[in-house]
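**Student:** Below is the structure I would like to discuss, written out as structure tokens.
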Amino acid sequence: MTQTPSLDKLTHALLAAARRAGADTADAMAVASTSLSIDTRAGALEQAERSEGTEIGLRVLVGKRQACVSGSDLREETMDTMAERAVAMARLAPEDPHCGLADPAQLAESWDIAALDLADIGSEPEAAALQEAALACEAAAAAVTGVDQIEGTSAGFGRTAIHLAASNGFSGGYTRTGHMLSASAITGTGTAMDRDHCYEHRIYAADLPSPEDVGTRAGTRAAARSGAKRPPSGRFPVLYDERASTSLIGHLLSAANGAAIARGSSWLIGKMGEAILPAGLSLTEEPHRARISGSKPFDAEGLATRSSAIIENGHLARWVLDLASARKLGLESTGNAARGTSAPPSPSVSNVTLTPGTASREDLLRDMGTGLLVTSLIGSTINPNNGDYSRGASGFWVENGQIAYPVHECTIAGNLLDMLHRLTPANDAQDHKSHRIPSLLVEGLTLAGA
């Protein structure tokens, strides 16, 4: 059996093929991945899936025209064909004055992969061990009083190694792993059926909660939803539980994305330096947190990643930029390029942390009096130009600072600029998550329920 070349050698072979095909400049990516997942239902194995493979991607530039190709055939002759097709495509592509590789002076020069601790080496579990974990998770969820059935449980493992190289001299790579457990439980039957779940993911198997813990949490969450009904309509405070609050900050990050700014489709345009969050709150990108899934030593264009505030003391401090969006805006890249093997880079954030508050979630529940605690969101209608916001939600109705009953089939509406100005964070952000966002209380949202 022919041994697969190293990812480093594959990327440099692609660059050599691009030069032979007539590319002016090029960058290449190679990704080797392994995944194993086990699903169980009704106390038995439902599905087992394993995949392994290596994908390669090549971006070539001919003047100010670019094209991308990708594949999984690693033979040298196939790489030559890929490069020739990519160059032919680039010559026919429209000119893009903003595309292009980084200047060598912009490139990351050194990094400490070991300090990021992204890979649990030698941790790939056996399928039998994953099945045992999934079954234990299912049994724990089914044992919770009020759970009528288990929708499914899963245990999984993934390992991904990447290497990026470019004709400007950059070459670097790293490996990350992930271990996963999840369970989804159902309470009620027929039209009275409701569900909830628990999903846990860690880089290290040792950091993952036990199957019994994950199953019990899924079952407890589902059982608490028994008898859910629509809440009243009106204007009320809304507390986004830590499980749902990330989506609210996600809308802010989408609006701060350089690609959206460059095409003129963001409700943050013209807001640089203005107050977006309450005073004292910052939203900081932290790409070097150890054992965190979003961490990375360099971005997809070979630029060094670094910690910096997107919102600082309430005020919008910067956009999220890759090279192309930065050039369009007359700015410098913030090291936020991300990409796969089949497309050019685009801006994306890594880990972010919102300044936590001093109150617990229970304190905020007490202080809100009467309103909605949101634990799950579905659908999304966001006007990218003015920030008008509407989302389906489920959770719990709160009266006199206490949870009164579960709710579903309701809609929350407001304007993101107004909402973000009025939020109050709790202190319950989860440190193992890439986006460390606590529960968030937002005053005065419009609720459409019964």
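The values are calculated or read from the model by the stated rules, or taken from the named source; none is laboratory data. On a predicted model such as this, the values are computed, not experimentally measured, just so you know. Every residue, glycine among them, receives a Cβ derived from its backbone with ideal geometry; neighbour counts consider all protein chains shown. To get the accessible areas, we keep the full protein, side chains included, count just its heavy atoms, and leave off ligands, DNA and RNA. Shrake-Rupley method; radii C 1.70, N 1.55, O 1.52, S 1.80 Å.
**Student:** Just want to confirm a number: the relative contact order over segment 176-315, from Cα pairs under 8 angstrom separated by 6+ residues, in percent.
**Tutor:** 19
**Student:** Under unit Cβ charges (Lys, Arg +1; Asp, Glu -1), what dipole magnitude, rounded to 20 debye, does the chain have relative to its Cα centre?
**Tutor:** Its charge dipole is roughly 1040 debye.
**Student:** Restricting to bridges with both residues inside the chain, how much of the DSSP beta-bridge set is antiparallel, in percent to the nearest 5?
**Tutor:** Percentage antiparallel, nearest 5: 95.
**Student:** What residues have an amide H closer than 5 Å to that of ILE310, excluding those fewer than 5 places away on the same chain, when H is modeled at 1.01 Å from N in the peptide plane?
**Tutor:** HN-HN under 5 Å from ILE310: LEU283, THR284, GLU285.
**Student:** If we restrict to alpha carbons, what Rg and Dmax does segment 296-450 come to, in Å?
**Tutor:** Taking only Cα atoms of segment 296-450, I get Rg and Dmax of 18.6, 54 Å.
**Student:** Next up: As a check on your grasp of the helix formula, calculate [θ] at 222 nm for the chain: sum -39500 (n - 2.57) over DSSP H runs of n ≥ 4, divide by the residue count, round to the nearest 500.
**Tutor:** Working: 10 runs with 105 residues, N = 450.
After summing the helix terms and dividing by the residues of the chain, the value is -7000 deg cm²/dmol.
**Student:** So what J values fall out for segment 326-333 if you push phi through Karplus, 6.51 cos²θ - 1.76 cosθ + 1.60 with θ = phi - 60°, rounded to Hz, Gly and Pro as x?
**Tutor:** Listing the rounded values in order: 5, 5, 4, 9, x, 10, 9, 4 Hz.
**Student:** Taking springs between alpha-carbon atoms closer than 10 angstrom, which of ALA338, ALA105, ALA256 fluctuates most in the Gaussian network model of the chain?
**Tutor:** ALA105
**Student:** I've got another one for you. If I stretch the segment between ILE382 and SER171 completely, what's the gain in nm (0.36 nm per residue apart, minus their alpha carbon distance), one decimal?
**Tutor:** 72.0 nm
**Student:** Taking the Cα centre of segment 209-332 as origin, work out the dipole magnitude from +1 charges on Lys and Arg Cβ and -1 charges on Asp and Glu Cβ, in debye rounded to 20.
**Tutor:** With Lys and Arg at +1 and Asp and Glu at -1, about 520 debye.
**Student:** Ok, one more. Which number comes out as Rg/Rh for segment 20-136 once both Rg and the Kirkwood Rh are worked out on C-alpha atoms?
**Tutor:** Value, to two decimals: 1.16.
**Student:** Turning to a different aspect of this structure: At what distance in nm do the modelled label points of ILE403 and ARG91 sit from each other, each positioned 7 Å from its Cα along Cα→Cβ?
**Tutor:** Once both label points are built, they end up 6.5 nm from each other.
**Student:** Next question. Could you bin all the Cα-Cα distances of the chain into 20 Å bins starting at 0 and give me the percent of pairs in each, rounded to whole numbers?
**Tutor:** Going from the shortest bin to the longest, the percentages are 22, 50, 26, 1.
**Student:** Further, regarding this structure: May I ask you to list, by number, the DSSP H helices of the chain whose Cα span along the axis is at least 20 Å and whose average Kyte-Doolittle hydropathy reaches 1.0 or more?
**Tutor:** Numbers: long enough: 7-21 (21 Å, 0.26); 76-92 (25 Å, -0.21); 127-142 (22 Å, 1.10); 242-255 (21 Å, 0.34).
Taking the DSSP H segments of the chain (at least 20 Å long, mean hydropathy at least 1.0), we get 127-142.
**Student:** Express in whole angstrom the spacing between the alpha-carbon centres of segment 52-93 and segment 12-36.
**Tutor:** For segment 52-93 versus segment 12-36, the Cα centre distance is 7 Å.
**Student:** With θ taken as phi - 60° and the coefficients 6.51, -1.76 and 1.60, list the Karplus ³J(HN,Hα) couplings across segment 388-393 in order, rounded to whole Hz; mark glycine and proline as x.
**Tutor:** 4, 10, 8, 9, x, 8
**Student:** Further question on the same structure: Under a 1.4 Å probe, what is the accessible area of the chain per residue, stated in Å²?
**Tutor:** I get 43 Å² per residue for this part.
**Student:** For the chain, give the percent of accessible area contributed by carbon and sulfur heavy atoms, probe 1.4 Å, rounded to a whole number.
**Tutor:** Values: 9520 of 19220 Å².
Reported share for carbon and sulfur atoms: 50 percent.
**Student:** Find me the longest stretch of the chain that has none of the exposed GluC sites (Glu not before Pro), where exposed means in a DSSP loop (not H, G, I, E or B) with at most 15 other Cβ atoms within 10 Å.
**Tutor:** Maximal segment without exposed cleavage sites: 127-273.
**Student:** Shifting gears a bit: Using only alpha carbon pairs under 8 Å that are at least six residues apart, calculate the relative contact order of the chain and give it in whole percent.
**Tutor:** Here the relative contact order equals 15 percent.
**Student:** OK, next. Which of the trypsin sites (Lys or Arg not before Pro) found in segment 234-315 are loop residues per DSSP with 13 or fewer other Cβ atoms within 10 Å of their Cβ?
**Tutor:** Filter output for segment 234-315: ARG263, ARG306.
**Student:** Rank ALA32, GLY250, ALA218 by how far each Cα sits towards the positive end of the charge dipole of the chain (+1 on Lys, Arg Cβ; -1 on Asp, Glu Cβ) and give me just the farthest.
**Tutor:** Of the candidates, GLY250 comes out farthest on the positive side.
**Student:** Check cross-link reach from LYS433 to the aspartates and glutamates: straight Cα distance under 18 Å, and skip same-chain residues fewer than eight apart.
**Tutor:** Hits, sequence-local ones excluded: ASP117, ASP120, GLU200, ASP207, ASP213, ASP241, GLU242, GLU285, GLU286.
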